[in-house]
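The values are calculated or read from the model by the stated rules, or taken from the named source; none is laboratory data. These numbers come from a predicted model, not from an experiment. Note that we place each Cβ from the backbone using ideal geometry, even for glycine, and neighbour counts take in every protein chain shown. Ligands, DNA and RNA are excluded from the accessible area calculation, which covers all protein heavy atoms including side chains. Shrake-Rupley method; radii C 1.70, N 1.55, O 1.52, S 1.80 Å.
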Amino acid sequence: DDFLVVLRPADISGMLKEMPMCRTIVTTGGKSSEEFLEIIRKEGVEDVNVPPVGDCTDIHLHGRTVRWWRMPSTSRAFPMKLEVKASFYRRVFE
């Protein structure tokens with residue numbers, strides 16, 4: 001992930017406008033989480049940090065509260081037993 005370069009950041013605002021019922025966003029791994037943080041900071045969300053792996057934080061974006069979960073990386077460079085990953089993801093759906 002350290003060597004990946006984002007050429008065009010995702011249009012989070014545009015996506016949320018198209019999905020008015022969206023209340024949860026999940027990032028997987030460090031790079032996507034840092035990129036998401038950078039995007040939302042440009043959108044005016046300044047009072048938030050990347051949550052720890054397996055945890056979440058609420059952010060206020062475009063008039064709604066969205067829960068942001070950070071999950072373990074899906075990269076093969078960071079192997080983790082399936083059972084352990086599943087325990088992290090289970091929390092998102094509970």
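Restricting attention to the stretch 18-33, and to residues there that are open to solvent by 50 Å² or more (accessible area, probe 1.4 Å) and assigned to a loop (DSSP other than H, G, I, E, B), which single residue is nearest to D58 (Cα to Cα)? Step by step, filter the stretch 18-33, then rank; the result is R23. Does T65 satisfy the condition of being polar (S, T, N, Q) and under 17 Å from R91 (Cα atoms)? When the stated conditions are applied, T65 does not pass them. Hey, among the residues in the stretch 34-65 that are at pLDDT 90 or above and in a strand (DSSP E or B), which one's farthest from L16 (Cα to Cα)? Restricting to residues being at pLDDT 90 or above and in a strand (DSSP E or B), the top hit is D55. I12 satisfies every condition listed in (1) at pLDDT 90 or above; (2) open to solvent by less than 30 Å² (accessible area, probe 1.4 Å); (3) β-branched (V, I, T); (4) in contact with a strand residue (DSSP E or B) (Cβ under 8 Å, 6 or more places away or on another chain) except (1). Determine whether the stretch 69-87 contains at least one residue that is surrounded by fewer than 11 Cβ atoms within 10 Å (Cβ to Cβ), among the small types (G, A, S) and at pLDDT below 90. Looking through the stretch 69-87, at least one residue is surrounded by fewer than 11 Cβ atoms within 10 Å (Cβ to Cβ), among the small types (G, A, S) and at pLDDT below 90.
Can you say whether V92 is among the β-branched types (V, I, T), within 11 Å of the chain's Cα centre (by Cα) and either at pLDDT 90 or above or open to solvent by less than 40 Å² (accessible area, probe 1.4 Å) (or both), as far as the supplied structure shows? Criteria not met by V92.
Among the residues of the stretch 45-68, write down those that are basic (K, R) and open to solvent by less than 40 Å² (accessible area, probe 1.4 Å).
Residues of the stretch 45-68 basic (K, R): 64, 67.
The one that is basic (K, R) and open to solvent by less than 40 Å² (accessible area, probe 1.4 Å): R64.
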